[in-house]
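Peer 1: This is the structure, below, for whatever I ask next.
Each value in this text was obtained by applying a stated rule to the coordinates, not by laboratory testing. Remember, it's a predicted structure, so these values are computed and weren't measured experimentally. Positions of Cβ are generated from backbone atoms using ideal geometry, with glycine treated the same way; all protein chains shown enter the neighbour counts.
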Amino acid sequence: MSTEPQSAERETGATSRSGAFRALRFIARLPFAIAFGIVRAAVYSAWYLAFYLLCMFRPFTSIMMLTAIVMVPMSIAVYAHPDAANGMPFWAFGLMAIGLTAFAIGYTLFLDWFTPPGAEDLFARYRRSDR
């Protein structure tokens, strides 16, 4: 029976490494760490820049929703008076309304998903505050 407690770690035969080996390992890994840091900084910078550029166009989606609302009565008017649309079928206006609404909602959902960690929409101050 051993006098050591069972929780004591035993030597596995590995010798301790010298300080010179550790310094050499650090020097060898340093360029890769710097390159990784530069690439990561570039990716995050591009991500934040793209997010802020996309946020600038978010107010246009509300205009698209307004346009979609206007397309519905226009479709009814074209159905009643086909000459008003110059040969364009009435259902094309309904499809445009559906497409504009889907794009506006999809753009907003994509932008919410695309938000980088810790970023907030700088252009929120230009939207209505009752939302």
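Peer 1: I need the chymotrypsin sites (Phe, Trp or Tyr not before Pro) found in the stretch 24-59, filtered to DSSP loop residues with at most 14 other beta carbons within 10 Å of theirs.
Peer 2: Here the chymotrypsin sites (Phe, Trp or Tyr not before Pro) that fit, given the DSSP loop and packing criteria, are F57.
Peer 1: Ordered by residue, what ³J(HN,Hα) values in Hz, to whole numbers, does the stretch 30-36 give under the Karplus form 6.51 cos²θ - 1.76 cosθ + 1.60, where θ = phi - 60° and Gly and Pro are x?
Peer 2: Running phi through 6.51 cos²θ - 1.76 cosθ + 1.60 with θ = phi - 60° gives 4, x, 5, 5, 5, 4, 5 Hz.
Peer 1: Can you compute the modelled spin-label distance between W91 and A33, with each label point 7 Å from Cα toward Cβ, in nm?
Peer 2: 6.6 nm
Peer 1: Moving to a separate point now. Can you work out the FRET efficiency for the pair Y52 and A80, with r the C-beta to C-beta distance and R0 = 35 Å, to the nearest 0.05?
Peer 2: Values: r = 46 Å, r/R0 = 1.30.
Computed FRET efficiency for Y52 and A80 comes out at 0.15.
Peer 1: Using each residue's phi in the stretch 107-121, evaluate 6.51 cos²θ - 1.76 cosθ + 1.60 at θ = phi - 60° and report the 3J(HN,Hα) Karplus result to the nearest Hz, with x for Gly and Pro.
Peer 2: 5, 5, 5, 4, 5, 5, 6, 7, 4, x, x, x, 8, 10, 6
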